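**Student:** Got a structure for you, questions after.
The values are calculated or read from the model by the stated rules, or taken from the named source; none is laboratory data. Quantities reported herein were computed from a predicted structural model and do not represent experimental measurements. As a convention, Cβ positions derive from the backbone with ideal geometry for all residues, glycine included, and neighbour counts pool all protein chains shown.
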Amino acid sequence: MPTKVDVLCGIGIMKTACGTQFSVALTKDGKVFTFGQDRLIGLPEGRARNHNRPQQVPALSGVHIQDVAVGAEHTLALSSTGDVYAWGSNSEGQVHRRRAKIKNTS
């Protein structure tokens, strides 16, 4: 049965996406919230564990995110300045050698 995600209600969600064991929500004002399996949701080590309550991604605080894309076990976020942020599994190099930020080269 579908369940309302109360934490995300009333904050202007414009996009949601999901991977194999996690979900991502993007607000109209550019904040990213994640929940699900710890290693995939972009929280710092020590805070990471399975989360069934959405939390804002701390590394993106102060960055206006325009769009998000989700793979099976990773997330990409595009900022309003054209920077791309990546996190999650890096089993095939999809998050660029464990670096959190990939500079825009165009």
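**Student:** Residues that are modelled with pLDDT under 95 and part of a loop (DSSP other than H, G, I, E, B): does the range 73-80 have at least one?
**Tutor:** yes
**Student:** Restricting to the range 1-25, name every residue that is in contact with an Asp or Glu (Cβ under 7 Å, 6 or more places away or on another chain) and under 18 Å from A59 (Cβ atoms).
**Tutor:** Passing the criteria: only G19.
**Student:** Filter the range 1-20 down to residues that are within 11 Å of V70 (Cα to Cα), of a type outside the set (A, V, I, L, M, F, W, C) and touching a residue at least 40 places away in the same chain (Cβ under 8 Å) and give me whichever is surrounded by the most Cβ atoms within 10 Å (Cβ to Cβ).
**Tutor:** Kept after step one, since they are within 11 Å of V70 (Cα to Cα), are these residues of the range 1-20: 16-20.
Imposing the further condition that a residue be of a type outside the set (A, V, I, L, M, F, W, C) reduces the set to 16, 19-20.
Cutting the leftovers down to touching a residue at least 40 places away in the same chain (Cβ under 8 Å) gives us 19-20.
Working: G19: 20, T20: 12.
Checked the range 1-20; the qualifying residue surrounded by the most Cβ atoms within 10 Å (Cβ to Cβ) is G19.
**Student:** Look at G42 and say whether it is small (G, A, S), crowded, with 17+ Cβ neighbours inside 10 Å and at pLDDT below 95.
**Tutor:** On the way: small (G, A, S): yes; crowded, with 17+ Cβ neighbours inside 10 Å: yes; at pLDDT below 95: yes.
Yes; evaluated as a whole, the condition is true for this residue.
Here is a yes/no grid of residues against (1) in a loop (DSSP other than H, G, I, E, B); (2) modelled with pLDDT of 95 or more; (3) of a type in the set (S, T, Y); (4) on the phi < 0 side of the Ramachandran plot:
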| site | (1), (2), (3), (4) |
| --- | --- |
| A25 | no, yes, no, yes |
| A59 | no, no, no, yes |
| Y85 | no, no, yes, yes |
| H96 | yes, no, no, no |
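**Student:** Those residues that are of a type in the set (G, A, S) and surrounded by fewer than 15 Cβ atoms within 10 Å (Cβ to Cβ), I need them from the range 60-71; list them, please. If you could, list the steps in order and put the result at the bottom.
**Tutor:** Within the range 60-71, the subset of a type in the set (G, A, S) is 61-62, 69, 71.
Those that are of a type in the set (G, A, S) and surrounded by fewer than 15 Cβ atoms within 10 Å (Cβ to Cβ): S61, G62, A69.
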